[in-house]
Amino acid sequence: MRWTGKPSGVDGDLSDDKGAGTYPRADGYNAGLAEELYERSLREQGVVPPSLADLVAGAGAPAPRPVTPVDPGPTPPDQLRIAAAAGSLVEDLRTLGHLNVQIDPLGTPRTGHPSIEPEFHGITWADLETIPSSAIGLESLGGTARDAVERLREIYAGRIGYELDHMEDPKKWNWLVDYIESGRHLNPVDDAGKVHLLRILTEVEGLESFLQRSYLGQKRFSIEGLDMMVPMIRRIIRRTALGGTQKYFIGMAHRGRLNVLAHIIGFSYEAILAEFEGQASKGMQDRAAEAGSGDVKYHVGARELVRSQMGELEISLAPNPSHLEHVNPVVQGMARAEREQMARESGLEISEEDESGLGAFGTSVLPILVHGDAAFMGQGIVPETLNLSRLPGYENGGTIHIVANNQLGFTTDPRDSRSSRYASDIALAFRMPIVHVNADDPEACLSADQLAIDFHLEFSEDVVVDLVGYRRYGHNEGDEPAYTQPVMYHKIREHPTVRSLWVDQLVEEGVIGRSEADQMAAAINDRLTEARKAVSEDDEADADPDISAPTAGSTLGIGMEVERERPRGYETLTEADDWRNVATGIDPARAADLNAAVHSWPGDFAPNPKLARQLERRRESLDEAIDWAHAEALAFAGLLTDGVPVRLSGEDSERGTFS
C-alpha cells in the first residue's frame, strides 16, 4: 500500500479515535484486493455486493439487495475503507512489529513504530470490530478483524522479533508467515522438559560461578548473561539429528567456549579445572594432545563422537585463536569438504559443472556459527563469508548463525560501533531470515531456536538468531567494566541470572520446589569441588583422570540419551609420521603421458587460437624446459589420475595469473 503522509486529524500522537481522515486510500496498489475481500465479507453476511466501480463513482449505484435481514453496520464505502486500512495495518505488523518487542534483558525501552497502531491508518479498534476477519484474509485468527489484529500484535510485537520484509522469495516469505502465525515453533515445554532445562542452566551457571569464586581474576571469558546459548545449541543438534544431520561443525570466539567444551563437546570438569590449576598433564590440551596448540584454554578445539537413537553423530568445535570471526570461513570449508567427501564415498561425482550430487547431503552436515555482536558488524570477514552461502563450489546446505549479543564490544557501546539498528543487520543484504530474542526468556529462546531449525531443514539455507543478553563481567574477568559503562553495570549487578528467573517461574507454576532447585545447584557445586580436589592434589596415581567423565553431557537435549566417546582433537602430522619423506615425484614415462593428455582437446572443441598455440608449444617443450604453470598443470593431472580431487578457487584460478 502506498502512503504520502499522516491521516487527517492526527497531530503527533496519531490518536484520532474516530478514524476521521481519508488515509489510506484505495488506489491502484490495493484496489483489486480490497474489492475482493470486501465482496467476500458482504457475501458471508448474505448481501449481494455492488461493484467497486459503482461505489467509487457513487452515481446511480444500486443498493445492495439483502437476502436475509442483517444489521447493515457501516455503509459499504466505510467497510471498504476499513478493510483496506486493516490490510495495511496487518502488513505493517508483520514487517515492523519487531520494533515493539522487548528483547533487552536490561529493559532498554523499545522505540516501537506508529504504523502498527490502527490510528496511523485512519481507523480505530472499534472500526475493526465491524468487519469480519475474512475481509483481511485472517479468518483463522479470530472472528472479527479486531480479533485477528490483536492476535497478530501478540505474535509480531510480543516476545520474539521477526524480520521478514527483506525476504524476496515468495515461497520462503509465505512459508515463514504461515509458520509464525500458526505458532508451530511455540510448542509448550512440558514439566519434565522444564526441569531438564533448569538442570542445564544450573550446570552452565554452576561452572561459571565456581570458576569465578575459585580463580578470581583468571581469564575465562564467561558465558554469563547469554547462558541460554548452551541449551539452544544442544537443541539444534538434537532436532536436526532427527532430521538426518550427522556431522556438526561449530565455530565461535572465546566467550562461552569453556562451557561449550564442557556441556556440548563433553570434556570433564577435571580436564577444564586442570588448566586453571596449572596441572597441564591432567588438562584437556595434554590429555587430548592433538586438540592442543599450546594456546590458552579458551581457544581450544576438539571433536566428539556421540551415539544416540538417531545414529552416530560427530560434533566438532574448531580451535580459534584471538581472531574472532576469522574462524567462519574455516568452519565453512570444513563443512563443505565433509559434504563432498560424503558424496564421493557414496559413488557420486562432484564437479564445477555438476554439484547435484550434493543435494542428497543438503542437511547431513550442519555448520553452527556463534558470532560476537560487535564483531558480526565490524569484521569484513563476516560479509565475505556470508557472500559465499549460495555460490556454487561454496554453498553448504545452510548454516545456523547465533549472534551472542551482549550489547557491548569490549568497551564500545553499540551506538559508537555500528550505524545500523541491530547487530545482525549485515545479514539483511543476503536475504536471510532474522529472529531477535531476549536471552532471559528461555521459552522464547527455544521457540526462536526451533524456527531456525525448521527453516534450515526446509530450505537448506542460512538463518540468523540474534540472542540479546548482557556480559556479567568485563571483557575478561580481570577488567573493571564500570570504568566505561557505569550505568549499564549498575543494572547488571542488580539483575538476576536467567537460572534464577527460571527457578522463580517454575516455583510459581508448581513445577518444582525451591528447595529442589537449591539441591540441584548444591550438587553441581559438590561435583566441581571434587573435580578440583582430584586435579589439584599431587597424586601420581591420579595423573591420568578421565577427561570424558560426563557432565551435562549425558544428554544433548530434552529426551535425547547419548553415549559419549572420549573427546578428540584434530590429527596433526609430526616428525614421527615421516611426512618429510613422502614421495611426490612423477616418473618420466608417466609425465609424458600426462603431458600429452593435458595439452590435447576433443576434435569438436575449438580453443582460442592464441591459447591453442601456447598449449602446442608446451606439448613439445617437456624434454627441454618447462615453466611454473606447465609444472603445476602436470602436478594437478598426477593428483587427479591418483584419485585425489583438486579444488581451485579464487579470481585467477580459471585463466591463470598472467596471460
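The values are calculated or read from the model by the stated rules, or taken from the named source; none is laboratory data. Everything numeric here is computed off the predicted structure, so don't read it as measured data. Virtual Cβ from ideal backbone geometry, glycine too; neighbours counted across all protein chains shown. Just the protein is used for accessible areas: all its heavy atoms, side chains included, with ligands, DNA and RNA removed. Shrake-Rupley method; radii C 1.70, N 1.55, O 1.52, S 1.80 Å.
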- Here the FRET efficiency for residue 307 versus residue 417, based on Cβ atoms and R0 = 35 Å and rounded to 0.05, is 0.20
- Item | Isotropic mean projected area of the C-alpha convex hull, the stretch 609-651 (nm²) | 4.1
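Output the peptides 462-468, 97-103, 402-408 sorted from most to least packed, where packing is the average of other Cβ atoms within 10 Å over each peptide's residues. Numbers along the way, then the final one.
Details: 462-468: 26.3, 97-103: 20.9, 402-408: 24.7.
For the peptides 462-468, 97-103, 402-408, the packing ranking is 462-468, 402-408, 97-103.
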- Task: Indicate the gyration tensor shape class of the stretch 299-355 (rounded, prolate or oblate), computed on the Cα atoms with a ≥ b ≥ c the square roots of the eigenvalues: a/c under 1.5 is rounded; otherwise a/b larger than b/c is prolate and the rest oblate.
- Result: oblate
- Using the heavy atoms of the protein chains and a 1.4 angstrom probe, tell me the accessible area per residue for the stretch 132-210 in square angstrom. 40
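Subtracting the Cα-Cα distance from 0.36 nm times the residue separation, let me have the gained length for residue 410 to residue 584 in nm, one decimal.
57.8 nm
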- Give a residue-ordered list of calculated ³J(HN,Hα) values for the stretch 316-321 (Karplus: 6.51 cos²θ - 1.76 cosθ + 1.60, θ = phi - 60°; whole Hz; x for Gly, Pro). 10, 10, 5, x, 8, x
- Query: Relative contact order of the stretch 84-178: what whole-number percent is it, with Cα pairs under 8 angstrom and at least 6 residues apart?
  - Reply: 33
- Order by protection proxy (mean Cβ within 10 Å, highest first), peptides 469-476, 107-114: 469-476, 107-114
- Item | Relative packing of peptides 608-621, 219-232 - highest average C-beta neighbours within 10 Å first | 219-232, 608-621
- Note on the structure: From the cross-link list 297/533; 219/247; 172/491, the entries with a Cα-Cα span beyond 29 Å are 219/247; 172/491
